[in-house]
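Peer 1: Below is one structure. I have some questions about it.
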Amino acid sequence: MYHLQHFLRSVCLTALLIALSACNAESSARITPLPTLPPNLTRTPTLTLPPLSTLAAQLPTLAATATPLENQLPFGGARAMALATDTALQPTPRSPIAFDQFPVAIKFDEFYSGYSIRQGLLLSDKLVSLDGKRVMIEGYMAPPLKPELDYFVLTRIQLSFCPFCSTAADWPDDIALVYMPEASPVQATDRPIRLYGTLEVGMNMDAETGMFSLVRIYAERMEIIN
């Protein structure tokens, strides 16, 4: 009896294996095989990049954008460039004022006649009438931008920093940019000073610092007030 049961199990297992093999063969026949490439076509080659160090060495060398302080103008060069630009400005006053003698004393509170949202600070008739003429003005030297003072900022009151202006909106109403004579550099001082020189009015930008200004004085001499 035992041998008969073992024989029947073997027959059933064999029949099951034959049936599974037939199913697998039928399923395989239904699968569409992948197309093969024609002999005259080749596969796309793999792109191999060189090391990053090699690519960087092949790139063109680009110089960094120079900042204003990197111009390294010769001593007095900023004054010469600003003066050349100022000769072409020549603003016209609304009501010109005539002066009997020069230099004419002018104060910071005489620079402007008001403020407009569209135009900003409104230059006074006195200031514009003095464009290109000799003036005398008193104030304080702001801390300089560099040790050799061929230019500096003159302020109404003593400051602990130098006001650096990049646009018309940044320009305060109580400063002036001063250019000293090329052969007459000055030392920084915290004492009040009196300046004599030629006044120039209009929008301008310093070639060395990039500082924007509305009022400039090309000084002839400077006195320290005791």
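Peer 1: If you go through the range 195-202 one residue at a time, do you hit one that is outside any strand (DSSP E or B) and farther than 14 Å from Asp86 by Cβ? So that I can check it myself, show each step before the final result.
Peer 2: Going through the range 195-202, the residues outside any strand (DSSP E or B) turn out to be none.
Checked against the condition, which is being outside any strand (DSSP E or B) and farther than 14 Å from Asp86 by Cβ, the range 195-202 yields no hits at all.
Peer 1: Looking for something touching a Ser or Thr at 6+ places or on another chain (Cβ under 9 Å) and not acidic (Asp, Glu) - is there at least one such residue anywhere in the range 176-190?
Peer 2: From the range 176-190, those touching a Ser or Thr at 6+ places or on another chain (Cβ under 9 Å) are 176-177; that's our starting set.
Next, only the ones that are not acidic (Asp, Glu) stay: 176-177.
Yes: the range 176-190 contains one or more residues that are touching a Ser or Thr at 6+ places or on another chain (Cβ under 9 Å) and not acidic (Asp, Glu).
Per-residue answers, yes or no, for (1) of a type in the set (Val, Ile, Thr); (2) over 30 Å from Val186 (Cβ atoms); (3) at pLDDT 65 or above:
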{"residue": "Leu59", "(1), (2), (3)": "no, yes, no"}
{"residue": "Leu62", "(1), (2), (3)": "no, yes, no"}
{"residue": "Pro96", "(1), (2), (3)": "no, yes, yes"}
{"residue": "Arg118", "(1), (2), (3)": "no, yes, yes"}
{"residue": "Ser124", "(1), (2), (3)": "no, no, yes"}
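Peer 1: Just to check your reading of the model, which residue among Ile137, Ile217, Ile175, Ile225 is loosely packed, with under 14 Cβ neighbours inside 10 Å and under 29 Å from Phe99 (Cβ atoms)?
Peer 2: Ile225
Peer 1: Taking the range 77-94, which residues are under 25 Å from the mean Cα position of the chain (by Cα) and either assigned to a loop (DSSP other than H, G, I, E, B) or of a type in the set (Val, Ile, Thr) (or both)?
Peer 2: Listed by number, the list holds a single entry, Thr85.
Peer 1: Next question, about the same structure. Let me confirm something: among Ser184, Ser113, Ser166, Ser160, which residue is of a type in the set (Ser, Thr, Tyr), closer than 22 Å to Pro96 by Cα and out of contact with any Asp or Glu (no Cβ under 6 Å at 6 or more places or on another chain)?
Peer 2: Ser113
Peer 1: Quick one: how many residues across the range 153-194 are assigned to a strand (DSSP E or B) and charged (D, E, K, R)?
Peer 2: 1
Peer 1: Counting only residues that are of a type in the set (Gly, Ala, Ser) and farther than 16 Å from Ala142 by Cβ, which one in the range 187-209 is surrounded by the most Cβ atoms within 10 Å (Cβ to Cβ)?
Peer 2: Restricting to residues being of a type in the set (Gly, Ala, Ser) and farther than 16 Å from Ala142 by Cβ, the top hit is Gly197.
Peer 1: Right, something else. Among the residues of the range 163-172, write down those that are surrounded by 14 or more Cβ atoms within 10 Å (Cβ to Cβ) and either β-branched (Val, Ile, Thr) or at pLDDT below 85 (or both).
Peer 2: The answer is Pro163, Phe164, Cys165.
The values are calculated or read from the model by the stated rules, or taken from the named source; none is laboratory data. From a predicted model like this one, the values you see are computed outputs, not experimental measurements. Because the Cβ atoms are built from the backbone with ideal geometry, glycine has one as well, and the counts that use them run over all protein chains shown.
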